[in-house]
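Working notes for the structure below.
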Amino acid sequence: MSNPDLLDGPAPTGVPGSGPLLDVVDVRTQFRSPRGLVRAVDGVSFTLERGKCLGIVGESGSGKSVLSRSIMGLLPSTAERSGTVVFEGKDISGLDADGYRELWGTEMAMVFQDPMTALNPVMKVGKQITESLRFHLDMDRSEAKETAVALLKAVRIPEAESRFSSYPHEMSGGMRQRVVIAIALACGPKLLFADEPTTALDVTVQAQILDLLAEQQRERYMAMILVTHDLGVVASRAQEIAVMYAGRIVERAPTATLFADVRMPYTEALLSAIPKLSDPSHTRLVAIGGRPPDLVDPPKGCPFSPRCPYARERCHEETPTLQETPGSPGHLFACFYPVGSPETLEIKDRLEAQRLLANRPPSLAPRVTEPPQATPPPLHPTAPPPTAPPSNMLPPSAPPSNTLPPSAPPPTAPPPNVLPPTAPPPNVLPPTAPPPYAPPTDGSTDGR
């Protein structure tokens, strides 16, 4: 029979507040490349309590996935990692591949971003689930199959018994993602990394996957790190949010505090990029200008300064460090001129006015009154209008009585060298008809 603890989650090894499950201190991960070292993670520190969910948010290339893989030890040979990772009071940052293999599956697991590439396309999904059960928990074949079917039912896959023998290509994208979750939960881990678990899924399936992860987390008393680029995903799923940019955490706070009091301009830009239902139709979407920095040769000063609308000279020269918001414990941000400060209010009002003017419908846009223009001269000149005769001029009089009315012009005589037509000469006879035929009277013939 299957172990019920595998389905209902392992018994809690601590109670909330007894100590952090995960403690990350100044973790740095670099990759060797022909251009130089790529600083994918640059000095990240945070703690995660048991049973809590931490959301890590940022643009593509900000270091979210590399941070998760750095904690789990899933890095290629070209990577260089430093810093300290403490899991359940034990430093695991110095473990080799065999040492990490003892933790994978039973202590920590990951839901990878693309289920089609995470699953083996030539292996049935049932065997991929039972593989970790037989390796880590030493189950026999029948017990592992029974547990795998129960896991497929737990992640709400219909007809779990028949789907146990299916290949990944025979399933939809949402079902493949559920299989990946079942594999990650198979051995009852205490820490789950969900790396973009809703990528390439439609909206309804995304909600189902997120609800499934939250349900399994509560039932198993499991900590979770939810990696995403969408703040809307973690708004109702995570107790705390960390915003990453250029390999660093630039703002971290409890979820409600972060949305109510944004301090980092990059976080404000991410929130502004989310479409709002209250905006009128055809509202132009807000985009973050510029491009993320080059991690091989990052800019001097704050990495977000080339794209920040509030940046000043100091931002281009010095690098800010995380500081706590006065009166808001646990709310950290890295900015010299945070959102809401007097230095940024004037700029923010001007940018908001420009945005509203650009999104105003044409019917509500202010009309611009143009000055009257002079009438252009006509293309062709016309006669001047008639003018009244001066007062000292006499009116025109009638013609004199001896003036004859105009008559038709007299006929013109032909020129003298043109002869008039003449009658034919008298010796020319007019043409006559031939005489009628008369037969000879002497009896002779004329050949007729």
Of the residues that make up segment 160-170, is at least one more than 38 Å from the chain's Cα centre (by Cα) and over 24 Å from Thr198 (Cα atoms)? yes
Only one of these conditions is not met by Arg314: (1) surrounded by 13 or more Cβ atoms within 10 Å (Cβ to Cβ); (2) of a type in the set (D, E, K, R); (3) under 17 Å from Glu59 (Cβ atoms). Which number is it? (3)
Qualifying positions in segment 223-238 - under 29 Å from Thr106 (Cα atoms) and either among the aliphatic types (A, V, I, L, M) or at pLDDT 95 or above (or both): Ala223, Met224, Ile225, Leu226, Val227, Val233, Val234, Ala235, Ala238
Being loosely packed, with under 14 Cβ neighbours inside 10 Å and in the same structural domain as Ala334 (by TED's automatic domain parsing) narrows it down to one residue among Leu277, Leu295, Leu270; which is it? Leu277
I'd like the residue in segment 108-165 that is polar (S, T, N, Q), surrounded by fewer than 16 Cβ atoms within 10 Å (Cβ to Cβ) and under 30 Å from Ile92 (Cβ atoms) and, out of all such residues, is modelled with the lowest pLDDT. Thr117
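For residues that are touching a Pro at 6+ places or on another chain (Cβ under 7 Å) and of a type in the set (D, E, K, R), tally how many sit in segment 80-118. Let's see the steps before the verdict.
Filtering segment 80-118 for residues touching a Pro at 6+ places or on another chain (Cβ under 7 Å) gives 105-109, 111, 116.
Filter again for of a type in the set (D, E, K, R), leaving 107.
The number of residues fulfilling the criteria is 1.
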Select from segment 323-342 the residues that are closer than 16 Å to Tyr266 by Cα, surrounded by fewer than 18 Cβ atoms within 10 Å (Cβ to Cβ) and not polar (S, T, N, Q) and list them in ascending order. Gly340
Looking only at segment 172-179, decide whether some residue is without any contact (Cβ under 8 Å) to a residue 12 or more places away in the chain and more than 18 Å from Leu119 (Cα to Cα). no
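Matching residues to (1) touching a strand residue (DSSP E or B) at 6+ places or on another chain (Cβ under 7 Å); (2) of a type in the set (S, T, N, Q); (3) within 22 Å of Leu258 (Cβ to Cβ); (4) modelled with pLDDT of 90 or more:
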{"site": "Ser281", "(1), (2), (3), (4)": "no, yes, no, no"}
{"site": "Gly290", "(1), (2), (3), (4)": "no, no, no, no"}
{"site": "Pro293", "(1), (2), (3), (4)": "no, no, no, yes"}
{"site": "Val296", "(1), (2), (3), (4)": "yes, no, no, yes"}
{"site": "Phe304", "(1), (2), (3), (4)": "yes, no, yes, yes"}
{"site": "Arg307", "(1), (2), (3), (4)": "no, no, yes, yes"}
Counting only residues that are surrounded by 19 or more Cβ atoms within 10 Å (Cβ to Cβ) and closer than 22 Å to Trp104 by Cα, segment 45-67 contains a total of 14
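Look through Glu268, Glu318, Glu251 and report the one residue that is in contact with a Phe, Trp or Tyr (Cβ under 7 Å, 6 or more places away or on another chain) and either charged (D, E, K, R) or not in a loop (DSSP other than H, G, I, E, B) (or both). It would help to see each step written out before you state the result.
Numbers: Glu268 fails: in contact with a Phe, Trp or Tyr (Cβ under 7 Å, 6 or more places away or on another chain); Glu318 fails: in contact with a Phe, Trp or Tyr (Cβ under 7 Å, 6 or more places away or on another chain).
Answer to the check: Glu251.
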Being assigned to a helix (DSSP H, G or I) and surrounded by fewer than 17 Cβ atoms within 10 Å (Cβ to Cβ), is that true of even one residue in segment 186-202? no
Report every pair of residues separated by at least 6 positions or lying on different chains whose Cβ atoms are under 6 Å apart, first residue within segment 59-71 and over 22 Å from Ser272 (Cα atoms), second polar (S, T, N, Q) and crowded, with 20+ Cβ neighbours inside 10 Å. Val66/Thr29; Ser70/Thr29
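Does segment 273-286 contain at least one residue that is within 20 Å of the chain's Cα centre (by Cα), under 28 Å from Thr29 (Cβ atoms) and touching a residue at least 60 places away in the same chain (Cβ under 8 Å)? Lay out the reasoning, then the answer.
Here is the first cut: in segment 273-286, the residues within 20 Å of the chain's Cα centre (by Cα) are 273-286.
Imposing the further condition that a residue be under 28 Å from Thr29 (Cβ atoms) reduces the set to 273.
Restricting the remaining residues to those that are touching a residue at least 60 places away in the same chain (Cβ under 8 Å) gives none.
So far as segment 273-286 goes, no, none of its residues is within 20 Å of the chain's Cα centre (by Cα), under 28 Å from Thr29 (Cβ atoms) and touching a residue at least 60 places away in the same chain (Cβ under 8 Å).
Could you check, for segment 137-154, whether at least one of its residues is within 30 Å of the chain's Cα centre (by Cα) and within 16 Å of Val125 (Cβ to Cβ)?
If we filter segment 137-154 for residues that are within 30 Å of the chain's Cα centre (by Cα), which is where we start, we get none.
No, there is no match, as no residue in segment 137-154 is within 30 Å of the chain's Cα centre (by Cα) and within 16 Å of Val125 (Cβ to Cβ).
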Across segment 235-259, what is the number of residues that are closer than 17 Å to Gly63 by Cβ and in contact with a Ser or Thr (Cβ under 6 Å, 6 or more places away or on another chain)? 5
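Could you check, for segment 97-109, whether at least one of its residues is outside any helix (DSSP H, G or I), outside the structural domain of Gly174 (by TED's automatic domain parsing) and touching a residue at least 60 places away in the same chain (Cβ under 8 Å)? Before you say what the answer is, go through the steps one by one.
The initial filter retains those residues of segment 97-109 that are outside any helix (DSSP H, G or I), namely 104-109.
Imposing the further condition that a residue be outside the structural domain of Gly174 (by TED's automatic domain parsing) reduces the set to none.
Taking every residue of segment 97-109 in turn, none turns out to be outside any helix (DSSP H, G or I), outside the structural domain of Gly174 (by TED's automatic domain parsing) and touching a residue at least 60 places away in the same chain (Cβ under 8 Å).
Which of the residues belonging to segment 248-272 are under 30 Å from Arg28 (Cβ atoms) and under 15 Å from the mean Cα position of the chain (by Cα)? Give the derivation first.
Of the residues in segment 248-272, the ones under 30 Å from Arg28 (Cβ atoms) are 248-255, 257-259, 261-271.
If the condition is that a residue be under 30 Å from Arg28 (Cβ atoms) and under 15 Å from the mean Cα position of the chain (by Cα), then Ala269, Leu270, Leu271 are the ones that fit.
The values are calculated or read from the model by the stated rules, or taken from the named source; none is laboratory data. This one's a predicted model, so the numbers in the text were calculated from it and none came from an experiment. Methodologically, a virtual Cβ is constructed for each residue, glycine included, from the backbone with ideal geometry; neighbour enumeration extends over all protein chains shown.
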